[in-house]
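The structure under discussion appears below in the form of C-alpha cells.
The values are calculated or read from the model by the stated rules, or taken from the named source; none is laboratory data. These numbers come from a predicted model, not from an experiment. Neighbour counts are summed over all protein chains in view; Cβ atoms, including those assigned to glycine, are modelled from backbone coordinates with ideal geometry.
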Amino acid sequence: MSSRKIASPAPKAATRRPGGRTAENSRRIHEATIALLVEAGFEAITFQEIAQRAGVGRATLYRRWDSPAALVRDAVLEVLTAEISPVDTGSLRGDLKALLGQIGRFISAPVGNAAMIATLSSLAGKGGKQTSPDIWLSRLEAIAPVFQRATDRGELSADDDVEVLFASLAGALYFRIIVMGEAIDDAWIDRVLRTSSHLQQAE
C-alpha cells in the first residue's frame with residue numbers, strides 16, 4: 001500500500017499585495033464576513049449584507065468573488081493563516097504538540113466553530129461553489145514543513161504516511177471538542193501523541 005505525503009507548497013512568483021483603498025476594503029470585507037459567520041452562520045452570507053456591513057458597493061464584491069462561498073473561503077483562509085502557523089521546536093513531537101494546540105484553540109473559539117460549519121456547508125453544496133477542499137488542502141500544504149523537518153532529522157522515513165498520521169491526531173481533537181463537547185489542554189494533547197506509533201518509533 002502506497003503512503004500519502006503532504007506536499008510542500010510550490011514556489012510562487014512574488015506578487016504585489018494590494019495597498020491603500022483596496023487593502024482597506026479587503027480588511028473590512030473579510031472582517032464583516034467573519035463577524036456575520038459567527039453571528040448567523042453560512043446561510044446568512046450574501047453580497048448585499050456583506051457590502052452593507054463593510055461599507056462598500058456590491059460591485060466591489062462581484063468583481064472579486066464569483067459567489068458568497070468563494071468570499072467565505074478567502075475570509076476563513078485569512079483567519080486560519082493568522083491563527084495556525086507551524087513552529088520549529090526541534091522535534092516532531094514538539095512541533096505537533098504546538099500545532100495541535102493551535103488547532104484546538106481555534107476550533108474551540110466561536111470564529112473557528114463558525115468557520116468549520118461554513119466550510120462543511122460549502123462542501124455539501126450549499127450556496128454555490130464548493131470551496132472547503134481548497135481551504136483544507138492549502139492548510140495541509142502550510143504544515144508540510146513539520147513533516148519535512150522530521151524526515152530530515154530521521155524521525156520519519158520517506159515512506160511514512162504523514163497524511164494518515166496528521167489526520168489521526170487532528171481527528172482526535174475534532175472528536176473531543178465537537179462530538180464530546182470537552183475542552184483540551186496540553187495534558188490531553190500529550191495523551192493523544194502517546195498513541196501514535198509514528199512518534200513512538202521516533203523516540
Name the residue, out of 66, 74, that is closer than 20 Å to residue 110 by Cβ and modelled with pLDDT of 70 or more. 74
Sole residue being in contact with a His (Cβ under 6 Å, 6 or more places away or on another chain), within 30 Å of residue 149 (Cα to Cα) and assigned to a helix (DSSP H, G or I), chosen from 75, 82: 75
Considering every residue within the stretch 86-95, establish whether at least one is part of a helix (DSSP H, G or I), in contact (Cβ under 8 Å) with a residue 12 or more places away in the chain, surrounded by fewer than 21 Cβ atoms within 10 Å (Cβ to Cβ) and under 16 Å from the mean Cα position of the chain (by Cα). no
Could you list, ordered by first residue, the pairs with Cβ atoms under 6 Å in which the first is in the stretch 48-60 and over 13 Å from residue 21 (Cβ atoms) and the second is loosely packed, with under 12 Cβ neighbours inside 10 Å and among the polar types (S, T, N, Q), at least 6 apart or interchain? none
Given the conditions (1) touching a His at 6+ places or on another chain (Cβ under 9 Å); (2) at pLDDT 90 or above, report the number of the one that residue 88 does not fulfil. (1)
Taking into account only those residues within the stretch 106-143 that are assigned to a helix (DSSP H, G or I) and either touching a Cys at 6+ places or on another chain (Cβ under 8 Å) or among the hydroxyl-bearing types (Ser, Thr, Tyr) (or both), which is modelled with the highest pLDDT? 108
Search the stretch 139-155 for residues that are under 25 Å from residue 79 (Cα atoms) and pair each with any residue that is in a helix (DSSP H, G or I) and among the hydroxyl-bearing types (Ser, Thr, Tyr) when their beta-carbon atoms are under 9 Å apart and the residues are at least 6 apart or on different chains. 139/81; 142/81
Taking the stretch 159-182 and keeping residues surrounded by fewer than 11 Cβ atoms within 10 Å (Cβ to Cβ) and touching a residue at least 60 places away in the same chain (Cβ under 8 Å) leaves 159
Considering each residue of the stretch 14-52, count those that are at pLDDT below 90 and β-branched (Val, Ile, Thr), and give that number. 2
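Does residue 105 fit the bill of being charged (D, E, K, R), closer than 30 Å to residue 148 by Cβ and without any contact (Cβ under 8 Å) to a residue 40 or more places away in the chain?
Answer is yes for this residue.
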